[in-house]
Amino acid sequence: MTGTWFLPPDFTFTTTGPLRLGMVISHWSKPTAVLATLGSGNEIQLPATATIVESNHAHNRSSSQSTSLGMWAKFEGIASASANQSIGKSRSIDYSKTDHEIRFFSDPVTPEAVTAIANLPAVRAHIDSGLFGKRPIYLVSGLRIATSSFTVTTENSAQLALGAEASGPPAGTVPAEVGGKLEHEQQRAVTDSYDTAPGIVFAYRLHVIRTGRAGSDAELFSHKGAFLTGEREQEKEPLLLLEATKDEIDGDVEEDVEYESVDVGEDDLCIYLPPKG
């Protein structure tokens with residue numbers, strides 16, 4: 001199943017936790033910030049759940065960064081020295097092979113359900129709390145469940161390289177240069193691994209519910225019959241129901257969250273938060 005998928009902060013989320021189909025969360029990066037749980041005590045009707053299985057998933061993600069510092073000095077035209085320093089860091093994570101059970105809504109969410117979700121008291125309070133307009137909300141619309149335990153292997157490495165070179169004429173009058181070169185390299189790597197429990201949430205998919213922004217939203221309306229209602233009829237605001245893609249989350253001006261993304265296969269995009277530190 002193609003689309004944009006979000007990795008949870010860790011692999012401890014089960015299908016009985018906050019990441020369930022129909023959960024309404026306040027932000028795509030906060031899967032535990034639940035605003036509403038649909039299907040338990042309310043009358044909002046969501047589509048039926050469909051399930052497919054994709055076999056033999058194994059993934060790797062890696063990132064690296066390096067910094068180079070250089071300096072050059074010249075003394076009275078008779079001696080020169082140059083030095084450079086390079087610092088590099090890399091991180092890679094491997095997920096061993098497992099099957100994925102993908103759960104998703106079999107049909108689109110209706111305009112009536114979108115309107116009812118947006119007007120739930122806790123949800124409406126969050127929407128109205130924005131500094132720059134109406135805040136978006138996020139509906140969990142897909143889950144990737146790892147059907148069996150898999151191994152997570154993390155490797156962090158750092159490399160330090162130092163180099164210095166000097167040249168200059170020897171004492172006396174011999175018109176020849178002498179030189180020297182010094183190099184030093186140091187590398188360190190730390191590897192950790194653990195096995196997850198079976199049946200954890202590997203990734204989740206979201207749809208965003210929001211009011212229209214200025215610009216080209218007119219072509220993107222999913223449900224023209226969904227409205228954020230006010231006290232008066234003229235205060236109704238049309239609502240959009242769209243997949244939470246990279247472009248959509250970049251358009252959320254209320255919270256600027258640093259994230260990384262990687263293409264998975266030909267059509268999927270995976271978004272995750274970088275580790276702290």
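The values are calculated or read from the model by the stated rules, or taken from the named source; none is laboratory data. Small disclaimer: the values here were computed from a predicted structure and weren't measured. Don't worry about glycine lacking a Cβ; one is built from the backbone with ideal geometry, like all the others, and counts go over all protein chains shown. These area figures cover heavy atoms from the full protein model, side chains too; ligands, DNA and RNA do not enter into them. Shrake-Rupley method; radii C 1.70, N 1.55, O 1.52, S 1.80 Å.
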Yes/no for HIS59 being surrounded by 12 or more Cβ atoms within 10 Å (Cβ to Cβ) and modelled with pLDDT under 90: yes
Filter result for the condition that a residue is at pLDDT below 90 and either of a type in the set (D, E, K, R) or in a strand (DSSP E or B) (or both), over ALA218, ALA164, ALA176: ALA164
Search result, residues across the range 240-266 that are at pLDDT below 85 and farther than 24 Å from GLY22 by Cα: VAL253, ASP256, VAL262, ASP263, VAL264, GLY265, GLU266
Residue in the range 87-94 that is open to solvent by 40 Å² or more (accessible area, probe 1.4 Å) and in a loop (DSSP other than H, G, I, E, B) present: no
Filter result (buried (at least 20 other Cβ atoms within 10 Å of the Cβ) and small (Gly, Ala, Ser)) within the range 112-127: ALA113, ALA118
Verdict on VAL34 being open to solvent by 30 Å² or more (accessible area, probe 1.4 Å), more than 28 Å from THR153 (Cα to Cα) and modelled with pLDDT of 90 or more: yes
